[in-house]
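The values are calculated or read from the model by the stated rules, or taken from the named source; none is laboratory data. It should be emphasised that the depicted structure is a prediction, and the values quoted were computed from it without experimental measurement. Virtual Cβ from ideal backbone geometry, glycine too; neighbours counted across all protein chains shown.
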Amino acid sequence: MSTITRGGPFAYASSLAIDVVTMSLVPEADTVRNETRLVFDRITAQLESKGASLGDVIKTTCYLRDESYLAEFVQAYDEVFQSHSPATHIAILGIAGNCRVQIEVVATRTPAERDEHAPIPSAVNTLDPKESQ
Amino acid sequence: MTAFIHSQPSTDVLPRRSAGVAAGDFVFATGNALDPSTGRRAATAQTITDEVRLCFAAIDNVLREAGLTRSDLVKTTCWVTDEAHRPEFIEAYRAECAVGVYPARVTMEAGLPGQCRIAIEAVACGSTPGGESC
């Protein structure tokens, strides 16, 4: 499993404030606000390892364990993205260990990097009228 | 080039955010039935079908700004808050799709902010600079 990958014009990163040895929340993540900050610190480190930064993030999907964490999460999230507003989706569901926040982001490559790569392969729309799930 | 589309202020249940973003040939759109003034599900989203329609209307607004249409959608991630909503969701979703164009889709059950019951994240792809479709 990777926590960050790059493909085409995008980088994908995700994190949560978990200690993978104990599979529990790290002690520094004592509040939802601190947990959110820590998750973004980890994502920042991942992005920087690939030459990107939080300023390159264009989209996030945020997972919270409980809706009661929303207000505190929103406050912390707004502090992280002050210069731009990524497209954002929030869902409430179960997360590993006792974590309360998990976030995945999509970041863009710089234009200079993008030019170095081959065109993105064709995408295909299915034509099955019985499509269902 | 990256363009953020329909940036919106914080509410008590959603942070400052954009409804979508165009990055190169790709457009990412978030579709939900939230009333931005209340941060709650819009009063017009009474049925699941209503809510799906409003989700697609929100996606349409992003696609339009980016010069794309629903026919350019390639992937959706759909969220329903209760399995009981799934049959009506599927029927309403298919009714909203352009005939013969069904993006790759996953549908998951999870909670959503603001008493929403349905949300749809969408990825669309436009033309490459050389004129070739994605």
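Against the conditions (1) acidic (D, E); (2) buried (at least 22 other Cβ atoms within 10 Å of the Cβ); (3) more than 13 Å from the chain's Cα centre (by Cα), B:D35 satisfies every one except (2).
Consider region B:96-115 and keep the residues that are facing chain A (nearest Cβ under 10 Å) and closer than 16 Å to B:A57 by Cβ. The one that is surrounded by the fewest Cβ atoms within 10 Å (Cβ to Cβ) is B:A98. In region B:38-60 there is at least one residue that is closer than 22 Å to A:D78 by Cα, surrounded by 15 or more Cβ atoms within 10 Å (Cβ to Cβ) and not small (G, A, S). Just one of B:I48, B:I5 is among the aliphatic types (A, V, I, L, M) and in contact with a His (Cβ under 7 Å, 6 or more places away or on another chain); which is it? Being among the aliphatic types (A, V, I, L, M) and in contact with a His (Cβ under 7 Å, 6 or more places away or on another chain) holds for just one of B:I48, B:I5, which is B:I48.
Within region A:38-65, the set of residues being assigned to a loop (DSSP other than H, G, I, E, B) and within 14 Å of the chain's Cα centre (by Cα) comprises A:A52, A:S53.
Taking region A:66-86 as the range and being touching a Gly at 6+ places or on another chain (Cβ under 7 Å) and either assigned to a strand (DSSP E or B) or more than 9 Å from chain B (Cβ to nearest Cβ) (or both) as the test, only A:S83 passes.
Selection of first residues in region A:88-106 that are more than 21 Å from B:N32 (Cα to Cα) and of second residues that are of a type outside the set (V, I, T) and part of a loop (DSSP other than H, G, I, E, B), restricted to Cβ pairs under 6 Å at least 6 apart or on distinct chains, gives the following pairs, ordered by first then second residue: A:I95/A:R65; A:G97/A:M23; A:R100/A:R65.
Is it the case that A:Y63 is at pLDDT 95 or above, out of contact with any Pro (no Cβ under 9 Å at 6 or more places or on another chain) and surrounded by 19 or more Cβ atoms within 10 Å (Cβ to Cβ)?
On the way: at pLDDT 95 or above: yes; out of contact with any Pro (no Cβ under 9 Å at 6 or more places or on another chain): yes; surrounded by 19 or more Cβ atoms within 10 Å (Cβ to Cβ): yes.
Spelling it out, A:Y63 is indeed at pLDDT 95 or above, out of contact with any Pro (no Cβ under 9 Å at 6 or more places or on another chain) and surrounded by 19 or more Cβ atoms within 10 Å (Cβ to Cβ).
When B:T30 is tested against (1) within 13 Å of A:T88 (Cα to Cα); (2) out of contact with any Gly (no Cβ under 8 Å at 6 or more places or on another chain); (3) crowded, with 17+ Cβ neighbours inside 10 Å, just one condition goes unmet, and that condition is (2). Going through (1) touching a residue at least 60 places away in the same chain (Cβ under 8 Å); (2) farther than 21 Å from A:L93 by Cβ; (3) of a type in the set (D, E, K, R) one by one, B:R40 falls short only on (2). Candidates A:V101, A:V32: the one that is surrounded by 20 or more Cβ atoms within 10 Å (Cβ to Cβ) and more than 15 Å from B:G111 (Cα to Cα) is A:V32.
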